Each structure stands twice: as structure tokens, then as C-alpha cells.
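Down below is the structure, laid out as C-alpha cells.
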Amino acid sequence: MAALPRPLRGPLRRGELNAATLYRLLGQPPADDVRVYRRLLEINPLLLASANATLGMDSESGDIVFYYTQLTPLKQDLSPNPLPPIEMKNKTKVASVSKEFTTDIKTLFYTSGHFEFRNQWLEGVKKIEQLDHLLPAVGMRLKYTTDEGEKIIYSSSFYYDPASKIIFSETDENKKSATYFVLEKINDHKTKLTVDYYIARNLLAQAMFKLSVKKKMEAKLQRSLVNLESFIKEIRLPVEF
């Protein structure tokens with residue numbers, strides 16, 4: 001039987017439960033536990049993005065109370081490479097738009113990253129369906145229904161550091177294109193969002209894209225960011241996020 005989780009107290013602010021914090025609180029946990037913990041975060045970034053949902057407030061001391069347990073038994077259930085390579089290796093950026101938002105980085109990430117909101121601001125998107133019955137994670141498959149038809153997209157990468165930058169990407173199933181969302185914190189009340197579009201590296205395809213697609217796509221993405229600026233005013237960030 002696995003040992004019961006052990007409570008710890010510390011000056012931990014909401015949203016700061018990450019690998020560095022875990023190491024600080026536990027000292028130096030066994031190497032296997034560190035590896036498993038990192039692997040779990042890689043498989044399911046939501047654990048990192050909203051890990052503070054597992055926290056509770058001590059009403060008397062005001063300290064944040066949180067729990068951990070040994071992860072070593074879980075390593076037996078993790079394969080060395082549970083996910084095939086999803087990101088495009090040979091890609092080149094062909095379109096990019098940016099906009100500054102008067103909001104904090106977490107609210108912008110919550111609004112731009114949640115698929116159920118996309119049809120509210122991303123021009124041309126009618127709906128997005130999650131094809132895998134999994135928590136949001138790298139490797140999750142999504143079906144986009146757009147004005148141009150349907151396509152399957154993978155959630156392909158995730159980087160989360162709300163103190164400075166958050167990056168997430170989506171790649172089509174044939175690895176012909178990828179979209180990267182880069183959120184950069186300017187201050188506590190202002191965030192810059194850049195949307196970068198990549199295609200597979202090919203000189204002819206790049207030339208054709210520049211001549212016939214680039215301007216239209218960037219104008220469409222820029223209008224989408226204006227839509228997002230309006231839509232985000234309706235969003236209230238969940239307390240646990």
C-alpha cells in the first residue's frame with residue numbers, strides 16, 4: 001500500500017507549485033522521483049499550469065497547505081517514450097502577428113489556450129472537438145471545424161513560466177504546418193501575445209506562401225487578436241487557475 005501523502009507548510013503563493021518548489025521543499029528527492037515528476041509534467045502540462053488547485057489555505061496561520069507523495073511506484077507505468085515526436089523538425093516561420101493586451105499573463109493564457117473559447121475569437125473557426133478522453137496534455141488530438149473544412153491538430157508543445165513567458169503550440173497531423181502562441185509578461189497588468197505560423201521547410205512552398213497566403217493570413221490573425229481583446233473582457237479567471 002502506498003504511503004499516505006504528507007502535509008507540508010511553506011510560504012508558497014498560488015501557482016508556484018513546480019519542480020523547483022518541490023525540490024526546495026523536499027531537499028533533494030531521489031533521482032527516480034525527480035525523473036518521474038518531470039515526466040508527468042511533460043505528459044500533462046495541466047499539472048503544472050493549475051497545480052495550485054491541489055492547495056488549501058490554513059485559516060489560522062494563512063499558510064498554504066499542500067501534499068505530496070512518493071512517485072517512485074509510478075515509474076513502472078511510464079514508458080521511456082510514451083509519445084511519438086509531434087513537433088515539426090524542419091520548419092520555417094512564414095507568418096507572425098503580435099498584440100499587447102491589458103491583462104495579466106495567466107488570464108490571457110487561460111482565454112487563448114482553452115479550446116472551447118477558440119470559436120469566440122479565432123476567425124474562421126466554427127468549433128473544436130477533443131478526440132481523446134484525456135486531460136489537456138501534449139499529444140492530445142483535436143478536430144478543428146473551420147470555414148475551409150475539417151482538420152486534425154495535435155497539441156505539440158508546452159512551456160510554462162508565468163513570471164516571464166508561456167509558449168504552447170499546435171501541429172497538424174501531417175506535420176505540414178504548426179502554430180505557436182507566445183505570451184510574454186510585460187508587467188502584472190500587460191501581456192504581449194505573438195502568434196507564429198510555420199510550414200515545412202521547402203523553398204517553393206515558402207515562395208508560394210509569401211506570394212498568395214501571407215498577407216491574408218496575417219490580416220486574419222490580426223483581426224482574431226482584436227476579437228480576443230474584446231472577448232477577454234468577458235472572462236473571469238477561476239480562483240484555482
For the table K151/K190; K99/K143; K89/K190; K89/K210; K126/K210, the rows whose alpha-carbon distance is greater than 23 Å are K151/K190; K99/K143; K89/K190; K126/K210
Residue separation between E100 and A200 times 0.36 nm, minus their alpha-carbon distance, gives in nm 33.2 nm
Net charge near D132 (other residues with Cβ under 13 Å of its Cβ; Lys, Arg +1; Asp, Glu -1) is 0
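No value in this document is a laboratory result; all are computed from the given coordinates. Because the structure is a prediction, the values reported are computed rather than measured. Note: ideal-geometry Cβ built from the backbone for every residue, glycine included; neighbour counts use all protein chains shown.
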